[in-house]
Amino acid sequence: MRAVLATLVFLLSAGVANAASLTSAEQASLEGQWRNGCSDGDMTVTIEFAVTGGVIWLDDGSEGADSYRIVSADMSKDRMRFALKDGGKIVFFRRSDGKMTGEESTRLQFEGRTFAHCQKPADRSAIKLSKAEIAQISAAMPPDNPVLVDERAKAGCKALDYQYLTIDLVGPLDFSMGRWNSADLAEKETENKNVHLARDEVTNWKIEKAESTPQGTKLTITELIPPNGSRGDTTTITLTKPVNGKIAIPEWKRSFIRCTDEQLATH
């Protein structure tokens, strides 16, 4: 529910008459979340350009929900066409009332559904990091989509039982951090099986600020208290610059291994 992309230069789409690449302003106007009904819609389309160069998340509540990298996007009259890295495509009809209607998709089927722009992107002014710095630690940044695995899992990226930090500095809806259990570890805990692994409490945080320092990346985070995500204590932590693939958080006396999606044995 992740090589830093250069600024994406959208090419004219061969085969689409009079198509023109989306301008920066048009890209910005599309960012955020579009819903098939803002209060109770059954499908969401979330779009981000500013950091990744182009990613679209499609979710209809099924296991088919996923994110896709956009390799080109253009407009022909009132039709927007997104070409995806995996060879798929998505076409929207942009309506005069600001909404858009799905016309064609090789992924989730939403032809004929109308989407309203229900949530604009979060304010990025407090995220004072370069794209390269975000790519080092953000699980939502393709192509690595890295997570930070607690090094107490001796097998590192190939461990089955481990805790990890997942950090989202891409958004576009908000910026967050979570300390979660791997699927295997979570299943064993649910079944009350013994797990010989030192671990911390599973926790979620909202990232209030992120900035670069000589030591690494400083994050100001607010704990979100279950079950309703009410705001808890706000604190500041430092993620040190990677050394041999390891990143430390001195305030927690913890060290982590940077693992990409492809390196992980299981998530």
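As for segment 35-57, it holds at least one residue that is in contact with a strand residue (DSSP E or B) (Cβ under 8 Å, 6 or more places away or on another chain), closer than 15 Å to G88 by Cβ and surrounded by fewer than 20 Cβ atoms within 10 Å (Cβ to Cβ).
Taking the criterion of being within 30 Å of E208 (Cβ to Cβ), assigned to a loop (DSSP other than H, G, I, E, B) and out of contact with any Pro (no Cβ under 9 Å at 6 or more places or on another chain), the only residue of segment 109-124 that qualifies is D123.
When restricted to residues that are over 15 Å from the mean Cα position of the chain (by Cα), hydroxyl-bearing (S, T, Y) and modelled with pLDDT of 95 or more, segment 97-147 contains 4. Does A65 satisfy the condition of being hydrophobic (A, V, I, L, M, F, W, C) and modelled with pLDDT under 90? When the stated conditions are applied, A65 passes them.
Within segment 132-152, the residues that satisfy the criterion of being over 17 Å from T240 (Cβ atoms), out of contact with any helix residue (DSSP H, G or I) (no Cβ under 7 Å at 6 or more places or on another chain) and surrounded by 19 or more Cβ atoms within 10 Å (Cβ to Cβ) are A139, A140, P142, N145. Filtering segment 83-100 to residues that are assigned to a strand (DSSP E or B) and farther than 26 Å from P143 by Cβ leaves F93, R94, M100.
Of the numbered criteria (1) under 21 Å from G171 (Cα atoms); (2) in a loop (DSSP other than H, G, I, E, B); (3) under 22 Å from the mean Cα position of the chain (by Cα), the one S39 fails is (3). Of all residues in segment 55-82, those satisfying the criterion of being of a type outside the set (S, T, Y), assigned to a strand (DSSP E or B) and within 21 Å of D168 (Cβ to Cβ) are V55, I56, W57, L58, D59, D66, R69, I70.
The values are calculated or read from the model by the stated rules, or taken from the named source; none is laboratory data. No experiment lies behind these values; they were computed from the predicted model shown. Note that we place each Cβ from the backbone using ideal geometry, even for glycine, and neighbour counts take in every protein chain shown.
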